[in-house]
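Reading through the C-alpha cells given below for one structure.
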Amino acid sequence: MRVLIKGGRVIDPANKIDEVMDILVEGTAIARLAKNIKAEADKTIDARDKMVLPGLVDMHVHLREPGREDKETVSSGSRAALAGGVTSVLAMPNTEPAMDSAEHLKILKEAIQKGAQANCFICAAITKGRGGEELSDIAGLKRCGAVAISDDGASVDSDKLMSEALKQARKAGLPVIAHSEDKRLSCNGQVNLGFTSTRLGLRGISAASEYKRVARDIGLAEKTGCRIHIAHVSCKESVELIAKARKKGLKVTCETCPHYFTFSEEAVLGYDTNFKMNPPLRGRDDVAAIRKALADGTIDAIASDHAPHTENEKDIEFERAEFGVIGLETELGAAIAELIGNGLLDWSALAAKMSLNPSRILGINKGTLSVGADADIIIIDAEKEWRVSKENFLSKSKNSAFIGSRLKGRVEYTLCLGKVHRWNS
C-alpha cells in the first residue's frame with residue numbers, strides 16, 4: 001500500500017528536519033521525504049497545519065501479559081499505545097511468570113505475534129523471578145530476543161550481583177534499566193515523606209530511598225565501566241547525581257514520566273489512589289528540578305511507566321491500593337501541554353525524548369523518518385485541547401492520574417509499519 005502524507009510540519013531530530021514536507025510510504029517503509037511529492041497513492045492524508053513526528057517509543061510499559069490479562073493484554077495495551085501516538089513499546093518483565101527464561105519469553109513472544117498492534121519489544125529480568133538472588137541467563141535472554149534487562153518493580157540489592165549483571169549485560173550488548181529503590185529506606189511507605197504524609201497520616205517514602213540507590217547504581221556502573229539507565233526519576237537529588245555522572249563522562253542515561261513533571265505530592269491530599277505510584281509524587285521543588293532537567297538535557301527520555309490495575313485494586317483504601325497509573329494514551333498530550341506549552345522544550349527536543357533517544361538507548365531501529373526507515377509516523381493536531389475522560393480509554397484499566405485534566409495535542413493518525421490508524425478527535 002502507498003500512503004502519501006501531504007503538507008505537514010515534519011519533525012525528525014535524527015536528521016535535523018523541522019519544515020513543511022511530504023512523506024511517501026510504500027508498504028512498511030518510508031520511500032520519500034521531500035517537498036511537493038507528486039505520486040499516485042492508495043491513500044492521501046492532508047496534514048496541513050498538523051505536526052508529523054516519528055512514532056513515539058515508550059521504553060517503560062507494563063502490558064501484564066502473561067499472568068494478569070484482567071488488567072491489560074498485549075492486544076489492548078498496544079491498541080491504547082497507538083491511540084496515544086506510541087508505535088513501539090518496551091514490555092517490562094514483572095509478569096507472571098517473570099521474563100527470566102527462554103521458556104517464559106516464548107510465551108510473551110507468542111502473545112505479541114498473535115495480538116500486538118504496535119511494535120512490542122521485550123525487557124527481560126536481571127534475576128530469576130526478579131528475586132534478586134540469582135542472575136538470569138542474560139546472554140541467553142538476548143539470543144531469545146530481549147533488548148534490555150531490568151528487575152523493574154524491585155532493585156537488585158546485592159552490589160556483587162548487580163555488578164556482575166552489568167558486566168554480563170555489557171558483554172551481551174544489552175542496556176540495564178535500574179529500578180533504583182532501597183526498600184530498607186522506603187519502608188513500605190505510601191506517599192512522599194514529608195508534610196503531606198504527616199497530614200494524611202500515611203507512612204512516607206523518602207527521596208533518599210531513590211537517590212541513594214541511584215548513587216549506588218551509578219557507582220557500580222563507573223567501577224565496571226558499563227552503561228546504566230535509571231528509570232522513573234522523581235527527585236531533585238537523583239537529577240543532580242545523574243548530571244554529575246554525565247560531567248565525569250559516565251555512560252548514564254535516564255527517564256522520567258509525565259506525572260513527575262505535572263503533579264506534586266499535594267495531588268494525593270484527597271486520598272485519590274490514581275495519584276499513588278512508585279516512586280511517589282514528590283515536592284514542588286522536585287517537580288521544578290525534573291522540568292529543568294528535561295529542558296537542559298540531563299533527562300534523556302520520557303516514558304509512561306504504564307501500569308494498569310483493576311478497579312478492585314485501586315478503588316479501595318489508600319494503604320491497600322496498588323501502586324501505578326496508566327499513561328500510554330495521555331503521555332503525549334501531557335508533554336505538549338506542560339513542556340511545549342510552557343516553553344521548556346521545542347518540537348524537535350520533544351520528539352528526541354519520546355522517540356529518538358529511547359530508540360538509541362535500547363539499540364532498536366526506530367525513532368527516525370529517514371528514507372528506508374520503518375513507516376512509524378504520527379500526525380498530530382497540536383492545537384487541539386481535550387479533557388481526559390475515563391470512558392474513552394482503550395486500555396483495559398482506567399487508573400489514570402490525568403482523568404479530568406485538560407491536555408493539548410490530539411493524535412489524528414498513527415502509521416505503524418505503514419498501516420494507517422485514524423482516530424476520532
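Being hydrophobic (A, V, I, L, M, F, W, C), open to solvent by less than 20 Å² (accessible area, probe 1.4 Å), part of a helix (DSSP H, G or I) and under 21 Å from residue 360 (Cα atoms), is that true of even one residue in the stretch 127-148? So that I can check it myself, show each step before the final result.
At the first step, the residues of the stretch 127-148 found to be hydrophobic (A, V, I, L, M, F, W, C) are 135, 138-139, 141, 144, 146-148.
Checking which are open to solvent by less than 20 Å² (accessible area, probe 1.4 Å) leaves us with 138, 141, 146, 148.
Applying the additional criterion that residues be part of a helix (DSSP H, G or I) yields 138, 141.
Keeping just the survivors that are under 21 Å from residue 360 (Cα atoms) gives 138, 141.
Checked against the condition, which is being hydrophobic (A, V, I, L, M, F, W, C), open to solvent by less than 20 Å² (accessible area, probe 1.4 Å), part of a helix (DSSP H, G or I) and under 21 Å from residue 360 (Cα atoms), the stretch 127-148 yields at least one hit.
List the pairs whose first member sits in the stretch 210-231 and is within 21 Å of residue 193 (Cβ to Cβ) and hydroxyl-bearing (Ser, Thr, Tyr), whose second member is open to solvent by less than 10 Å² (accessible area, probe 1.4 Å) and in a loop (DSSP other than H, G, I, E, B), and whose Cβ atoms are under 7 Å apart, counting only residues at least 6 apart or on separate chains?
What qualifies is 211/235.
Quickly run through the stretch 9-29 and pick out the residues that are among the β-branched types (Val, Ile, Thr) and within 22 Å of residue 381 (Cβ to Cβ).
Just the residues of the stretch 9-29 that are among the β-branched types (Val, Ile, Thr), to begin with: 10-11, 17, 20, 23, 25, 28.
Within the stretch 9-29, 10, 11, 17, 20, 23, 25 qualify.
Considering only the stretch 319-333, state which residues are more than 25 Å from the chain's Cα centre (by Cα) and not acidic (Asp, Glu).
Filtering the stretch 319-333 for residues more than 25 Å from the chain's Cα centre (by Cα) gives 319-320.
Hit for the stretch 319-333 is 320, nothing else.
Using the structure shown, decide if residue 378 is modelled with pLDDT of 95 or more, closer than 13 Å to residue 86 by Cβ and either more than 21 Å from the chain's Cα centre (by Cα) or open to solvent by less than 10 Å² (accessible area, probe 1.4 Å) (or both). Give the steps one after another, and end with the answer.
Working: modelled with pLDDT of 95 or more: yes; closer than 13 Å to residue 86 by Cβ: yes; either more than 21 Å from the chain's Cα centre (by Cα) or open to solvent by less than 10 Å² (accessible area, probe 1.4 Å) (or both): yes.
In short, yes.
Given 367, 372, which one is surrounded by fewer than 18 Cβ atoms within 10 Å (Cβ to Cβ), outside any strand (DSSP E or B) and modelled with pLDDT of 95 or more?
Numbers: 367 fails: surrounded by fewer than 18 Cβ atoms within 10 Å (Cβ to Cβ).
Sole residue among the options that is surrounded by fewer than 18 Cβ atoms within 10 Å (Cβ to Cβ), outside any strand (DSSP E or B) and modelled with pLDDT of 95 or more: 372.
Pick out the one residue from 163, 155 that is of a type in the set (Ser, Thr, Tyr), touching a helix residue (DSSP H, G or I) at 6+ places or on another chain (Cβ under 6 Å) and assigned to a helix (DSSP H, G or I).
Result: 163 is the single residue among 163, 155 that is of a type in the set (Ser, Thr, Tyr), touching a helix residue (DSSP H, G or I) at 6+ places or on another chain (Cβ under 6 Å) and assigned to a helix (DSSP H, G or I).
Any residue at all in the stretch 23-39 that is in a strand (DSSP E or B), hydrophobic (A, V, I, L, M, F, W, C), in contact with a helix residue (DSSP H, G or I) (Cβ under 7 Å, 6 or more places away or on another chain) and crowded, with 22+ Cβ neighbours inside 10 Å? Quick ask: steps written out before the conclusion?
Taking the stretch 23-39 as the starting set, the residues that turn out to be in a strand (DSSP E or B) are 23-26, 29-34.
If we keep only those that are hydrophobic (A, V, I, L, M, F, W, C) too, we end up with 23-25, 29-31, 33-34.
Applying the additional criterion that residues be in contact with a helix residue (DSSP H, G or I) (Cβ under 7 Å, 6 or more places away or on another chain) yields none.
No, there is no match, as no residue in the stretch 23-39 is in a strand (DSSP E or B), hydrophobic (A, V, I, L, M, F, W, C), in contact with a helix residue (DSSP H, G or I) (Cβ under 7 Å, 6 or more places away or on another chain) and crowded, with 22+ Cβ neighbours inside 10 Å.
The values are calculated or read from the model by the stated rules, or taken from the named source; none is laboratory data. Please read all numbers here as calculations on a predicted model, not as lab measurements. We place every Cβ from the backbone using ideal geometry, glycine too, and count neighbours over all the protein chains shown. Calculation scope for accessible area: heavy atoms of the full protein, side chains included, ligands and nucleic acids excluded. Shrake-Rupley method; radii C 1.70, N 1.55, O 1.52, S 1.80 Å.
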